[in-house]
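Structure first, commentary second.
Derivation of every value follows stated rules applied to the coordinates shown; laboratory data play no part. All values derive from a computational prediction rather than experimental measurement. Cβ: placed from backbone, ideal geometry, glycine included. Neighbour counts: every protein chain shown.
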Amino acid sequence: MIKGKFPVEKFNSIDTPFYFYDIELLRETLNTVKKETENKNFVVHYAIKANANPRILQEIASFGFGADCVSGNEIIVAVENGFTPSKIAFAGVGKTDKEINIALDYDIFCFNVESLPEMEAIEELAKAKNKQARIALRINPNVDAHTHKYITTGLNENKFGIDLTVLPDALKMLENCTHLELIGIHFHIGSQITDMSVFEDLCVKAVELQKSFENKGITLNLINVGGGLGINYQHPNHFSMADFESYFRLFSKYLEHQVPQTIHFELGRSIVAPCGSLITRTTYVKKGVQKKFLIVDAGMTDLIRPALYQAFHHIENISSDQSLDTYDIVGPICESSDVFVENFQLNEAQRGDLLAIRSAGAYGEVMASNYNCHELPKSFFSDSI
């Protein structure tokens, strides 16, 4: 079994569980994204919701990328960690008045508006501050992302976005909004998308909509295609980076646009997931009637994705080179759903062995909780451990 490279001796002296981030891989990823988008009309906003660790945010901000935020606090955290307000897009289906006011006070780049009532609220609050709010209409293109139902966001029946049938009403409302400036349209069809043809379908819908706006005499400064690019969770050592080359090449090929219109991307998982691992220690090896349970000190409180999405994470016993054995790897939380993986082959384990749960840099640490009064996991970094 090919394993990642981890400083096991240093890990042995650290209380588990904790997150370990490969900063060199993160920088390599950011350089790749920068290379694939430079000299094009592409703008990348990092999705803060994927990982809001300050060190990670500072690293990403240092490359000049923007931020995609889904709460007022994410806007504050983004600015505090080096992101420029003029590069912040604010999405989210339930923006509160307080959050809208935060965004207005920072004079952010754009609100991604998801409903007519939200448009009314932003207009009212911007008027009270005598400010202009730049907006992009988030439109549901009814494109199936072919992913888990909990992370599909672009269908007619999702809670997100404006249905195409409501779009005429939105444009009519805009005629009477003196403090809103329509600068573009926005899409986000889902997450962990590995079928590139899905993005082709999105491009077709985006081009159709672009032309319908042109026919109405409306010029759009930008098209925001959201994020959603997936990674390979099964083989993190063979595929340590998302296929950014194919992803950006597809949009260059299929998304017709007008110069100087910009194309915006909101990437999160694909940037940070591969660089993060959850390091946990084996507490007990328990023999059942037909199974062996590997009970570790990390649980769904530290990494909820397997319990919430039935998500798979490759796991390595970084303390053992013994022959493979089959285990259910489970955590200590008093819930039957606290299972990382079932019937998984792993180098034979014993009490005290360290395991690395791979590709956990996105939606891992940021979703951790104190359930069962467990402490939140700490984080360590490859260049400072």
Arranged from highest to lowest average of other beta-carbon atoms within 10 Å per residue, in what order do the peptides 127-140, 57-70 appear? 57-70, 127-140
Sort the following peptides by mean Cβ neighbour count (other Cβ atoms within 10 Å, averaged over residues), highest first: 215-221, 358-364. 358-364, 215-221
Using helices alone, I'd like the mean residue ellipticity at 222 nm for the chain: each DSSP H run of four-plus residues gives -39500 (n - 2.57), total over residue count, nearest 500. -8000 deg cm²/dmol
Answer with one residue from 126, 84, 270: the one whose Cα lies farthest towards the positive end of the charge dipole of the chain, charges on Cβ with Lys, Arg +1 and Asp, Glu -1. 270
Cross-link list 98/172; 95/216; 3/40; 35/129; 3/49; 5/378: which exceed 31 angstrom alpha carbon to alpha carbon? 3/40; 35/129
For the stretch 1-88, what does the alpha-carbon gyration tensor say about shape, rounded, prolate or oblate, given a ≥ b ≥ c as the root eigenvalues, a/c under 1.5 as rounded, and a/b over b/c as prolate? oblate
Overall dimensions of the chain as given by Cα atoms, namely Rg and Dmax in Å: 22.3, 71
Among 186, 45, 314, residue whose mean-square fluctuation peaks in a GNM of the chain (springs only between Cα atoms under 10 Å): 314
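Starting with the highest mean, order 46-55, 7-16 by the number of other Cβ atoms within 10 Å, averaged over the residues of each peptide.
Numbers: 46-55: 22.1, 7-16: 12.7.
Descending mean neighbour count gives 46-55, 7-16.
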With +1 on each Lys and Arg Cβ and -1 on each Asp and Glu Cβ, how big is the dipole of the chain about its Cα centre, in debye rounded to the nearest 20? 240 debye
